[in-house]
1. Based on what the data block shows, is ALA303 under 22 Å from the mean Cα position of the chain (by Cα) and part of a loop (DSSP other than H, G, I, E, B)?
2. Hey, can you tell me all the residues within the range 28-55 that are open to solvent by less than 10 Å² (accessible area, probe 1.4 Å) and among the β-branched types (Val, Ile, Thr)?
3. Determine whether GLU100 is open to solvent by 30 Å² or more (accessible area, probe 1.4 Å), among the acidic types (Asp, Glu) and in a helix (DSSP H, G or I).
4. Restricting the range 137-165 to residues that are of a type in the set (Ser, Thr, Tyr) and either farther than 23 Å from LEU254 by Cβ or over 15 Å from the mean Cα position of the chain (by Cα) (or both), which is surrounded by the fewest Cβ atoms within 10 Å (Cβ to Cβ)?
5. Is it the case, given these coordinates, that LEU297 is at pLDDT below 90, over 19 Å from the mean Cα position of the chain (by Cα) and not charged (D, E, K, R)?
6. Within the range 166-182, which residues are open to solvent by 30 Å² or more (accessible area, probe 1.4 Å) and assigned to a helix (DSSP H, G or I)?
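The values are calculated or read from the model by the stated rules, or taken from the named source; none is laboratory data. Everything numeric in this text was worked out from a predicted model, so none of it was measured. For neighbour counting, all protein chains shown are included, and Cβ atoms are generated from backbone atoms with ideal geometry for every residue, glycine included. Only protein heavy atoms, including side chains, enter the accessible area calculation; ligands, DNA and RNA are left aside. Shrake-Rupley method; radii C 1.70, N 1.55, O 1.52, S 1.80 Å.
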Amino acid sequence: MSPQDAAAFAAARQICRTRARDEYLATLLLPRGKRDGVCAIYAFYRMAQDAIGSAPAEEPTPASAGDGYCSGGSLESRVSMVRERLDAVYDGRLELPRSEFRDTTQHALNAFSKTVDACGIPKTYFVELIGALAEARRVRRYATWNALQQHCRRSGGMLALAFGGALGLMSSGAAEPAVRLGSAIRLSCVLRDLRRDWAAGQLYLPLEDMARLRYSERDLTGNVLNSHFADLIRFEVSRARALYQEGSECICWLAGDGSRLAVSSVVTMYSGVLDEIERRRFNVLQPLPGLTGARKLRRFPLAWRLARRRHDERLPRLFRN
């Protein structure tokens, strides 16, 4: 590896280590080349997220049923800037300063460019991901599960497919399960961050579910904890667990070089958020602590079972409902 490439991937690893410590620790199970590729993709995702979300959103609209990055400017101009940078990467037009004059984000962008080229990762994954990041700035309510599901697929699902490209996902039939797995992780984050998002005026819970289970936005504003709220969060937890179960089918199509165990570790970490929510009797209106080291260790047997399964073996029911 050239000194320029070494600096590029070191910057991507640094972003991953700083912004996603647990996920970075999981990448240590990977061969160096795959670790670098995963970190480069994650770095691009965080840079795009920072750029698009760096200023207040414009007037929100409801969802229907059906050089390094700079900040500032309108939402549309920021989204356009990120898309233009993505176009430059895929068209071979990316222009950066000489290696010794690059900052961390410019090095990481170079690592991203080399990763998508070497792994042949489709540009459409990132186009959809950028669209989902922009949508999160525009849309403040999701009328139905179908609307929220599309958001989860475009965000977590596309990110999962991109990581799968870097990890060498070996079956075309694994693509849909990978999207479901990424969607499950995104939905887990929605439940975990409900309190924080609501304080910012954002509500990801489907309005149809809230109406059916008789819990209102007024209740949410008043921090009302009652049986209706517990039923609502229990329902969404069950939905996320079903997605984990369906999505985990793709793990056996990864190589046994640490890729399966790395992904399984991340999956069990995020699914553990659901167990913690249940343990707290579905109260996500109070700050939800992260999993302790002891709880993470107790989830390792589940990660090991996922990683050991072959594609010709039936997936046991590992995510309880």
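1. no
2. Within the range 28-55, the subset open to solvent by less than 10 Å² (accessible area, probe 1.4 Å) is 36-37, 39-41, 43-44, 48, 51-52.
If the condition is that a residue be open to solvent by less than 10 Å² (accessible area, probe 1.4 Å) and among the β-branched types (Val, Ile, Thr), then ILE41, ILE52 are the ones that fit.
3. On the way: open to solvent by 30 Å² or more (accessible area, probe 1.4 Å): yes; among the acidic types (Asp, Glu): yes; in a helix (DSSP H, G or I): yes.
Yes, satisfied.
4. THR144
5. Values: at pLDDT below 90: yes; over 19 Å from the mean Cα position of the chain (by Cα): yes; not charged (D, E, K, R): yes.
It is true that LEU297 is at pLDDT below 90, over 19 Å from the mean Cα position of the chain (by Cα) and not charged (D, E, K, R).
6. Of everything in the range 166-182, those that are open to solvent by 30 Å² or more (accessible area, probe 1.4 Å) and assigned to a helix (DSSP H, G or I) turn out to be SER172, GLY173, ALA175, GLU176, ARG180.
Conditions tested, residue by residue: (1) crowded, with 24+ Cβ neighbours inside 10 Å; (2) outside any helix (DSSP H, G or I).
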| site | (1), (2) |
| --- | --- |
| ALA230 | no, no |
| ARG234 | no, no |
| ALA240 | yes, no |
| GLN245 | no, no |
| GLU249 | no, no |
| CYS252 | no, no |
| GLY256 | no, yes |
| VAL266 | no, no |
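So that you can scan it fast, the table gives a plain yes or no per residue for (1) of a type in the set (S, T, N, Q); (2) part of a helix (DSSP H, G or I); (3) within 30 Å of LEU207 (Cα to Cα); (4) modelled with pLDDT under 95:
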site	(1), (2), (3), (4)
GLN4	yes, yes, no, yes
ALA7	no, yes, no, no
ARG13	no, yes, no, no
LYS34	no, yes, no, no
TYR42	no, yes, no, no
TYR45	no, yes, yes, no
GLU59	no, no, yes, yes
GLY66	no, no, yes, yes
ASP87	no, yes, no, no
